[in-house]
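Every read-out reported here was derived from the displayed coordinates using simple, explicitly stated rules and does not represent laboratory data. Everything numeric here is computed off the predicted structure, so don't read it as measured data. With ideal geometry, Cβ positions are generated from the backbone for all residues, glycine too; neighbour counts draw on all protein chains shown.
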Amino acid sequence: MKPDIAVVIPTYKASLHLREVIERLPSFISHIIVVDDLCPEKSGEIALKMAESDTRIHTIFHEKNIGVGGAMVTGYKAALALKCQIVIKMDSDDQMDPAYLPALLHPISEGKAGYAKGNRFVDFKALRAMPTLRLMGNSLLSFMVKACSGYWNIMDPTNGYTAISAEVLEKINLDKLAHDFFFESDMLIRLNIQNVIIEDVAIPARYGEEKSNLSIKRVLLKFPFLLTKGLIKRFILKYLIFDFNMASVYTLIGFPMLIWGIVFGVFKWIENSHLDVSTPTGTVMMSVLPLILGTQFILAAINIDIQSTPKSD
């Protein structure tokens with residue numbers, strides 16, 4: 001028996017591409033859920049019109065704009081209400097090729113993973129065409145998200161082309177998910193806390209003439225703070241409440257030592273500079289030794305976290 005599969009399409013300023021995105025979806029998709037996030041171009045009206053000839057289409061209108069994450073939460077809840085077994089996220093800008101849907105669904109339908117996502121970084125032609133600064137930025141962002149989410153074995157962690165099983169989706173507190181551009185990263189953090197297996201699927205990038213609604217300035221200002229907050233939450237839940245292991249011990253010992261070494265060292269350096277005196281060797285060691293040991297403890301904790309990445313046998 002084939003599973004009921006839903007595709008959720010959050011739409012905002014996407015009237016030029018929405019019709020084509022819907023029309024290209026294959027027949028094995030049971031439900032197409034379009035969430036109009038108070039789109040000024042009234043994209044939802046297009047889906048509503050198409051629903052007259054395609055009964056798979058369900059259109060939901062938001063009374064206020066709450067962001068792509070909020071639109072996805074609405075879509076996820078609708079898919080669960082429809083008793084769907086797998087829910088796919090596709091953007092309305094026609095950058096996600098439906099030809100790769102079978103590959104995206106395969107890890108979940110075969111029971112190998114609870115969540116699958118696209119990975120554009122395997123497309124070497126696209127990588128060569130990408131500006132160096134953007135490539136470096138993507139690599140840095142990927143590392144930050146991997147470290148904070150705990151999924152060290154994936155690439156392109158902010159890729160929005162995803163599929164998730166209903167069983168996993170029901171474990172997530174949807175009302176707590178980030179409503180903005182941090183949605184995908186927040187989802188990864190919450191999935192890791194639940195020890196959900198994630199599988200990367202090679203899907204090349206496809207860019208058109210569409211304009212992004214993402215503000216680079218907002219990302220640079222908010223992303224590091226949100227990732228740090230997510231990392232702290234993951235550590236508390238996964239390593240203090242749900243479990244307590246050597247990674248917990250190493251972190252609880254290493255982090256205070258690291259902070260002490262930095263703060264004490266800087267304080268003594270400033271103090272002795274003002275007094276124009278040399279810092280005694282013993283004082284130097286009181287800063288350097290905790291700094292070295294703290295770093296080693298943190299690295300040991302990170303190693304355990306890497307080894308603990310949820311993966312199939």
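Summary table below
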| read-out | value |
| --- | --- |
| Förster-model FRET efficiency, 25 Å R0, ASN173 and ILE66, C-beta, rounded to 0.05 | 0.90 |
| Förster radius 30 Å - calculated FRET efficiency between LEU289 and PHE124 (Cβ-Cβ, nearest 0.05) | 0.05 |
| Cβ-derived FRET efficiency at R0 51 Å, ALA51 paired with TRP152, nearest 0.05 | 0.75 |
| Local net charge near LYS176, Cβ-Cβ under 11 Å (Lys/Arg +1, Asp/Glu -1) | 0 |
| Relative contact order of the range 5-223, defined on C-alpha pairs under 8 angstrom at six or more residues apart (%) | 24 percent |
| At least 18 Å along the helix axis (C-alpha) and Kyte average at least 0.0, DSSP helices within the chain | 68-81, 132-149, 216-236, 246-275, 281-307 |
| Length gained when the stretch LYS233-GLN296 is fully extended (0.36 nm per residue, less Cα-Cα span) | 20.4 nm |
| Cα point-scatterer Debye curve for the range 1-77, base-10 log of I(q)/I(0) at q = 0.22, 0.27 Å⁻¹ | -0.95, -1.34 |
| Surface/4 of the Cα convex hull for the range 1-41, nm² | 2.9 nm² |
| Over the range 244-307: Kirkwood hydrodynamic radius from C-alpha pairwise inverse distances, Å | 12.6 Å |
| Cβ-based exposure ranking for THR279, THR11, in which fewest neighbours within 10 Å come first | THR279, THR11 |
| The range 232-271 versus the range 87-121: alpha-carbon centroid distance in Å | 38 Å |
| Max mean-square fluctuation residue, GNM over the chain, Cα-Cα springs under 10 Å, options ILE32, ILE88, ILE253 | ILE253 |
| Residue exposure sequence - ARG56, ARG234, ARG128 - by fewest surrounding Cβ within 10 Å | ARG128, ARG56, ARG234 |
| Volume in Å³ per residue [convex hull over Cα atoms, computed for the range 5-223] | 122 Å³ |
